[in-house]
Amino acid sequence: MNVKDIRRKNLRTLSRSVGGVTQLANRLEKSQSQISHLIGTHPVKNIGDKFAAHVERVFNKVNGWLDHEHEGIEEENAIYSAQSTRQNFYRVPVLTWQATAEWLEKSGQVDSSANHLTYIITSTHVSLYAFALRVEGDSMEAAHGVSFPPGSIIVIDPEYQANNGAFVLAKQSSTGSLVFKQYVIDGSRRYLKPLNPRYPIVEITPQAMICGVVRLLIHEFK
């Protein structure tokens, strides 16, 4: 891991420790968008020497702290049991579709550290940017095999790589709305495929964005 990646990892850890991107931005006297550009899901800037020194001063770290990996700093959003064999658990906020769309439109990432009413705990490894949504509609409900019935919960990780056949949250540039579909690659063309055959397969536009990959399905029985 190079210094640029180490700095980003350490700043993400600091972000989690103070409660998220907004709180980190306030501590560092920067805008939320500036911090998102550095440590967001799709960072567009690297952390320069001057800003690294500023971070270290604000958090009372020794000179050069941001440039080194630190043992003992655990996965940012992990919760550990007290058993002798340590088991990782991850707390993931359950968001609304509207809030998710608004955050993605505003900063290109979901603020999963904000205050939410509902969280789920999972042992499936996810990044600190993971979030959950309740499935709406029946386009991903199938008669056989994998099925995502309405009301079930999907855990989405923006840091996970979308491969052929993955289930993804995507935003088509033509509508701007979020859709949950299966990601299909056929040669040089990409598609969003519903599992319910009553709905059409749609080709992905060049400007479309894959916002995250589904890592877990939770279905609640009533």
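Quick one: what are the phi-derived ³J(HN,Hα) couplings along region 94-99, Karplus 6.51/-1.76/1.60 with θ = phi - 60°, whole Hz, x for glycine and proline?
After applying 6.51 cos²θ - 1.76 cosθ + 1.60, I find 8, 9, 8, 5, 5, 4 Hz.
Could you sort out which of LYS9/LYS171; LYS50/LYS181; LYS61/LYS171 sit more than 32 Å apart by Cα distance in this structure? Please report the intermediate quantities before stating the final value.
Numbers: LYS9/LYS171 27 Å; LYS50/LYS181 43 Å; LYS61/LYS171 40 Å.
Distance filter (> 32 Å) returns LYS50/LYS181; LYS61/LYS171.
Can you give me the long-range amide H partners of LEU216? Hydrogens built in the peptide plane at 1.01 Å from N, cutoff under 5 Å, separation of 5 or more residues or another chain.
Here the answer is VAL155, since their amide H atoms fall under 5 Å of that of LEU216.
Extending each Cα 7 Å along its Cβ direction at HIS54 and GLU159, get the distance between those two points in nm, one decimal.
That separation, rounded to one decimal, is 2.4 nm.
Given that compact globular proteins tend to follow 2.2 N^0.38 Å, what is the ratio of the alpha-carbon Rg of region 88-218 to that value?
Working: Rg = 14.2 Å, N = 131, 2.2 N^0.38 = 14.0 Å.
Normalised Cα radius of gyration, region 88-218: 1.01.
So what J values fall out for region 26-42 if you push phi through Karplus, 6.51 cos²θ - 1.76 cosθ + 1.60 with θ = phi - 60°, rounded to Hz, Gly and Pro as x?
Once θ is set to phi - 60°, the couplings for region 26-42 become 5, 4, 8, 6, 10, 7, 4, 5, 4, 5, 4, 5, 8, 10, x, 4, 10 Hz.
Once the mean 1/r over all distinct Cα pairs of region 1-72 is inverted, what Kirkwood radius in angstroms do you read off?
12.1
Report the label-to-label distance for HIS219 and LYS45 in nanometres (one decimal), using points 7 Å from each Cα along the Cα→Cβ vector.
My value for the distance between the label points is 4.6 nm.
Every number here is computed from the coordinates shown, using simple stated rules; none is lab data. Fair warning: this is a prediction, and the values are worked out from it, not measured in the lab. FYI the Cβ positions are ideal-geometry reconstructions off the backbone, even for glycines, and counts take in every protein chain you see.
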